[in-house]
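Single-structure report; data block below.
The values are calculated or read from the model by the stated rules, or taken from the named source; none is laboratory data. All figures in this text were calculated on a predicted structure; none of them were measured in a lab. Note that each Cβ is placed from the backbone with ideal geometry, even for glycine, and that neighbours are counted across all protein chains shown. The accessibility values were calculated without ligands, DNA or RNA, using every heavy atom of the protein model including side chains. Shrake-Rupley method; radii C 1.70, N 1.55, O 1.52, S 1.80 Å.
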Amino acid sequence: MSTGVRVMVVDDHPMWREGVARDLTEAGHLVVATSGEGRQAVRVAAAARPDLVVLDLQLPDVSGVEVIRGLRAVLPEVRVLMLSASGEPQSVLDAVKAGATGYLVKSAAPAEFLDAVHRTAAGEPVFTPGLAGLVLGEYRRLAVAPGPSHEAAPQLTQRETEVLRLVAKGLSYKQIAERLGLSHRTVQNHVQNTLGKLQLHNRVELTRYAIEQGLE
């Protein structure tokens with residue numbers, strides 16, 4: 001059975017866009033659409049219904065952040081992997097806050113990119129090495145004032161907190177299992193239990209929660 005992901009590629013540079021689409025196709029994924037403009041990308045995505053959008057940050061008509069918001073409005077479950085030349089802290093933070101699941105810089109190796117596509121499609125937060133810590137740091141600086149969520153924070157077990165901390169670092173279930181000496185299924189169960197306690201829906205929301213709580 002095919003494990004390919006339905007992907008849409010959005011980038012205003014034709015050669016780069018075609019190259020990414022070719023790499024994805026050769027890796028067994030289905031490229032359902034490509035676009036060089038943000039507004040067009042949102043319209044096309046609504047019809048093509050990709051599972052994952054590989055999105056450039058800088059587009060000629062609107063910003064990648066605006067495109068993320070548009071994509072999430074028409075396809076709430078879509079995953080977005082930013083593939084950008086910029087690794088600037090504010091760019092990364094804005095993309096994550098808008099709903100991006102992952103963020104890679106364009107200098108990433110092909111194998112790293114394809115691994116990120118697989119993991120992002122599965123809902124795992126993926127960042128170019130160094131950017132995960134950057135996002136954590138930025139959120140910690142923003143979350144300086146305690147709010148209602150801090151006052152009545154759900155009680156997690158020590159193990160759930162350990163797993164949550166590693167989720168926030170962007171580790172896969174397999175990596176977390178190896179790190180903690182647990183089975184893949186046990187890690188999944190801890191994540192599901194934590195989602196239930198926090199009334200969250202997926203790993204992306206869980207990661208944001210962890211970031212806001214300052215977990216590392």
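Annotations
- Within segment 100-124, the set of residues being surrounded by 15 or more Cβ atoms within 10 Å (Cβ to Cβ), out of contact with any Phe, Trp or Tyr (no Cβ under 9 Å at 6 or more places or on another chain) and in contact (Cβ under 8 Å) with a residue 60 or more places away in the chain comprises THR101, PHE113, LEU114, VAL117, HIS118, THR120, ALA121, GLY123.
- Pick from segment 63-84, criterion open to solvent by less than 10 Å² (accessible area, probe 1.4 Å) and among the small types (Gly, Ala, Ser), ranking: farthest from LEU104 (Cα to Cα): GLY64
- Odd one out for VAL53 among (1) of a type outside the set (Phe, Trp, Tyr); (2) within 20 Å of the chain's Cα centre (by Cα); (3) modelled with pLDDT under 90: (3)
Here is a yes/no grid of residues against (1) without any contact (Cβ under 8 Å) to a residue 24 or more places away in the chain; (2) crowded, with 21+ Cβ neighbours inside 10 Å:
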| site | (1), (2) |
| --- | --- |
| VAL7 | no, yes |
| ALA21 | yes, no |
| GLY28 | no, no |
| ALA33 | no, no |
| ARG43 | yes, no |
| LEU57 | no, yes |
| ASP61 | no, no |
| SER86 | no, no |
| ALA98 | no, no |
